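Single-structure report; data block below.
Bear in mind these aren't lab numbers, they're just calculated from the coordinates by the rules spelled out. Just so it is clear, the structure is predicted and the values come from calculations on it, not from any experiment. Cβ coordinates were reconstructed from backbone atoms using ideal geometry, including for glycine residues, and neighbour counts include every protein chain displayed.
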Amino acid sequence: MKFFEQLTAWTGELSGLLWGNPITLLVLLGTGCYLTVRMGLIQLRGFRHAVNLVGGKYSSHRDVGEVSHFQALSTALSATVGTGNIAGVATAISLGGPGALFWMWVTAVFGMATKFTECTLSLKFRQIAPDGSVAGGPMYTLLHGLKMRRMAAAFASFALIASFGIGNMVQANSVMDGLGYMLPGLHESAWLIGLVLAGFVGMVIIGGVKRIARVASTLVPFMAILYIAAALLVLASHAADIPDALATIFNHALNPWAVGGAAVGEAIRWGVARGLFSNEAGLGSSPMAHAAARTNEPVREGLVAMMEPFIDTLVICTMTGLVIVVTGVFEESSESLMGAALTAHAFSSSLGAAGAWVVGGGLTLFAFSTIIAWSYYGDRSAYFLFGERAVLPYRVIYTLLVVIGAAVPLKLVWNIADITNILMALPNLLGLVLLAWLVKKLKDDYFSRPHVKT
């Protein structure tokens, strides 16, 4: 027992050092800045075209791939739209003040260029098996694009470990948190809930990416619309307070004379950290989902992927953040009222008991969708490292770990997940910087065609 306590303490210190280190945040955000300039403000120039692609324009069933643009986007969003949108935003505001929300927006804007680059490369270097199944992601980009076999194996290894932590057990625990908000007595039946949840997860992931994509493309729009609608109800009841809330956000983010330099520094630190954690730009996870898209044009899927940080952070995280600020509950934050509890308190202050149900239900659905999407990321990593024979055993182990995650305290798992997440990002970011010239070349060629309009 003492060993695990010591290990939890050590991993917690390492996780804090990696994520709380300004150098780490500068590398992640700096890469996004560099790619924004290198790709010629693709976030703005390609936005309308990206919306058309998500809507099905230019799609063809003759193209190679397993899922549509919309299904690939939904699968990737299933992984990114999760606890970060409910608990992560609240934690950022609790620790960094309202200004943290502004810096989350900044990470999303630059993150759009990062997503465009990494997902364009994942299509360019994906591997298609004789049966039509697709494998892609940063490991294939590093292997085929840069001939860095060891770096590719390192990325896949870290992604595989991370899938069991942040993609599985942490999320299963969050499902229990969500259900606990609605029905507190359920915590006593955690093992039983875990078994039921594992059954649902198993039924989805055993069917592979096509079934995951079908479930995700139904679940993601439903849960996002429901959560946003509830947030809009709260904002409508506080409409007169929105201008003051926005002024507070900008003031705390940019005005050291008003709130103090330390407060602005904390806003930057927590806003950037939680923003990157929420939309996963640069981590290299979502390129594995986008690689399965049915298209022969890498740039098209890069543009579709670019919508992820926009939807995840600029839309859904903004809704959560504004609700917390306009209701004023951020001033009540404490050790017992932080994260998802603070978000639930904000919604409940306007919607009553229904507010807690919205947060609890949203947390449950968001976490479940993250579990099924991350199973695919681990699945592709296992395939890369050990071949097809490892895929089914991986899916079985992944499903069983859902039960443990639902019933066991997870501080150690959280720490390991945070560490492996950042270790995933490093080889991926290296590949993005070294191959940015290729993505620019592909982008310029694509947009030079007469039928493509920005």
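Take 41-50, 239-248, 271-280 and order them by the average number of nearby Cβ atoms within 10 Å per residue, most first; the result is 271-280, 41-50, 239-248. Taken one residue at a time, the phi angles of region 413-423 give Karplus couplings (6.51, -1.76, 1.60, θ = phi - 60°) of 5, 4, 4, 5, 4, 4, 5, 5, 4, 6, 5 Hz. Gly and Pro are set to x.
The slack between S448 and H144, meaning 0.36 nm per residue of separation minus the straight C-alpha distance, is 106.8 nm.
For region 74-119, the calculated P(r) over all alpha carbon pairs, in 5 Å bins from 0 to the bin holding the longest distance, is 5, 19, 21, 26, 17, 9, 3 percent.
Ranked by the mean number of other Cβ atoms within 10 Å of their residues, highest first, the peptides 297-304, 214-221 fall in the order 297-304, 214-221. Counting only Cα atoms, the size of the chain along its three principal axes is 56, 48, 39 Å, in decreasing order.
If you count Lys pairs in the chain whose Cα atoms are under 16 Å apart, skipping same-chain pairs closer than 8 places in sequence, the total is 10. For the chain, adding -39500 (n - 2.57) for each run of n ≥ 4 DSSP H residues and dividing by the number of residues yields -23500 deg cm²/dmol at 222 nm. Taken about its Cα centre, the chain carries a charge dipole of about 1760 debye when Lys and Arg each add +1 at the Cβ and Asp and Glu each add -1 at the Cβ.
Convert 4 °C to kelvin, take the viscosity as 1.567 mPa s, use the Kirkwood radius over C-alpha pairs of region 7-53 as Rh, and evaluate the Stokes-Einstein diffusion coefficient in µm²/s, rounded to a whole number. Value of D from the Cα-based Kirkwood radius: 98 µm²/s.
Working from the pairwise distances between different alpha carbons, so that the mean of 1/r is found and then inverted, what is region 272-423's Kirkwood radius in Å?
About 18.1 Å for region 272-423.
Sorting 412-419, 23-30, 315-322, 72-79 by average packing, meaning the other beta carbons within 10 Å per residue, from highest down gives 72-79, 315-322, 412-419, 23-30.
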